[in-house]
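Quick note: the coordinates plus some simple rules give every number you see, no bench work behind them. Fair warning: this is a prediction, and the values are worked out from it, not measured in the lab. Here the Cβ is made from the backbone with ideal geometry for all residues, glycine too, and neighbour counts use every protein chain on show.
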Amino acid sequence: MDNEKLIKAAIDARENAYAPYSNFRVGAAVEAENGDIYIGCNVESASYGLTVCAERVAIWKGISVGEKRFKQIAVVVDTEELTPPCGVCRQIIWEFCGDVPVILANLHGKSETVMMSELLPRAFDSKFLK
Ligand code: THU
């Protein structure tokens, strides 16, 4: 799938962001092995720590309907400097996607693709639990 389609899905997801506390609206879209796309937005809470990031919402949606792995993820924020996933999301992306391309984009046509192994070098994962 081309990057533009995944970015567009993340832009659309961002429209539904529930971010009244930070006003920092994030959209994410993950592509499953079969090409299906799952989207997510950040969902905040008056109890701030309960907030869930857009990336994890998108992944949970796919996992909850039976997807096992994802091939790539796009993250859209309206920032000039492209916003990368937070640390917690990096760990979760690694769990369900591994070393996939992460497409960072804003609303003005700027985008960049980075590999997960760049964002989370020497990751902790299930191989250490054997
Ligand atoms: N946020 C995301 O949705 N994804 C990230 O990777 C970074 C942070 C959200 C969480 C919170 O709703 C807002 O952005 C500010 O931290």
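For a test of understanding, tell me how many lysine pairs in the stretch 2-130 have Cα atoms under 16 Å apart, given they are 8 or more places apart or on different chains.
Count of close lysine pairs: 4.
Tell me which trypsin sites (Lys or Arg not before Pro) from the stretch 1-91 have a DSSP coil assignment and no more than 14 other beta carbons within 10 Å of their own.
Answer by residue number: 68, 69.
Hey, if you drop one equal point scatterer on each alpha-carbon of the chain and run the Debye formula without solvent, what base-10 log of I(q)/I(0) do you get at q = 0.17, 0.20 Å⁻¹?
The Cα Debye sum returns log10 ratios of -0.82, -1.13.
Long-range amide H contacts for residue 72: which residues qualify at under 5 Å (H placed 1.01 Å from N, peptide plane, sequence gap of 5 or more or a different chain)?
HN-HN under 5 Å from residue 72: 31.
With θ taken as phi - 60° and the coefficients 6.51, -1.76 and 1.60, list the Karplus ³J(HN,Hα) couplings across the stretch 70-85 in order, rounded to whole Hz; mark glycine and proline as x.
10, 9, 6, 9, 10, 10, 10, 9, 8, 10, 5, 7, 4, 8, x, x
How far is the Cα center of the stretch 94-128 from the Cα center of the stretch 10-36, in Å?
Taking the Cα centre of each part, the stretch 94-128 and the stretch 10-36 sit 16 Å apart.
I'd like to know which of 85, 72, 124 lies farthest towards the positive end of the charge dipole of the stretch 3-129, counting +1 on Cβ of Lys and Arg and -1 on Cβ of Asp and Glu.
124
Treating the beta-carbon of each Lys and Arg as +1 and of each Asp and Glu as -1, no other charges, what is the dipole magnitude of the chain about its Cα centre, to the nearest 20 debye?
Roughly 400 debye, rounded to the nearest 20.
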